[in-house]
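See below for the structure under consideration.
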Amino acid sequence: MGTQSNDLPHEVEMPLVDHLEELRQRLLRSLLGVVLAAGACLLFVKPLVRLLEVPAGPIRFLQLAPGEFLFVSIKVAGYAGLTLALPYVLYQGLGFVLPGLTTRERRLIAPAVAGSAVLFLAGLAFAWWALVPAALRFLVSYGADVVEPLWSIERYLDFVLLLMLATGLAFQLPVLQLLLGILGLVRWQPMLSAWRWVVLSAALAGAVLTPSTDPFTMLLLGGAITALFLIGVALVALTERFRQEIPPAVQQQPPAAN
């Protein structure tokens, strides 16, 4: 009898029905985690709303319809709960995917997922500290001598939350490049040679992902996407160099004879 391969440690065959049941259980746990986190955030939603109002400075906010602030509170609590529950959701996703991967794939996928969560939080922070204040300064100063800024709290929070979410998603670009490089679907030289198209695409993405129409915010987001693309190119180059340093005998070992 041959020895067990280390490529799939603790390999256990499961019927399709068991896989689907496990997937259902993990989805329910993830959903429950998000709901519990959102419920906890709902208890502190007023301080959260005040925190989101900080970049607006002296702007006054109005409730233009009955119950508007109630629905806004639920929306803010939902976004905050999803952000807080993100590590738990990723943990459930890894728990379902990792048993079917080889040891080498696990060593690459797990750090990539962890890096994805870190980059998402970095995108939220970048939007909060750079994009939102820049966009609001432009929008307020543009019509300051014509209209008095009295904003709907719902429209304002929609603007801030969508901008932060779009920036967090845009910050996933290096992780996507790294995964494609691991799978051997892209190489760093062709990616780097297409930098002109990347700059153009980043500018278009900044225009699409930015809820406002001010050019400064689009430029900031487009510049951030371009920098993230270059970081992804460097990561792909590192993975290619790592592959070249591994001896062929280590990359592909013959199966053990029975």
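Every number in this text was worked out from the coordinates using simple rules, so none of it is lab data. This one's a predicted model, so the numbers in the text were calculated from it and none came from an experiment. Note: ideal-geometry Cβ built from the backbone for every residue, glycine included; neighbour counts use all protein chains shown.
Efficiency by 1/(1 + (r/R0)^6): what FRET value for Ser152 and Leu28, r their Cβ-Cβ distance, R0 = 45 Å, to the nearest 0.05? Present the calculation step by step, with values, prior to reporting the outcome.
Numbers: r = 36 Å, r/R0 = 0.80.
It comes out at approximately 0.80.
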Of Trp129, Pro215, Val97, farthest towards positive along the dipole that unit charges on Lys, Arg, Asp, Glu beta carbons give the stretch 16-247: Val97
Dipole of the stretch 16-247 [Lys/Arg +1, Asp/Glu -1 at C-beta], most positive-end residue of Ser193, Leu48, Leu27: Ser193
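Mind checking the dipole of the stretch 16-247: about its Cα centre, +1 per Lys or Arg Cβ, -1 per Asp or Glu Cβ, Debye to the nearest 20?
Details: 16 positive and 13 negative charges, 102 e Å.
Dipole of the stretch 16-247, to the nearest 20 debye: 500 debye.
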Sites Phe44 and Phe96, calculated FRET efficiency, Cβ-Cβ separation with R0 35 Å, nearest 0.05: 0.65
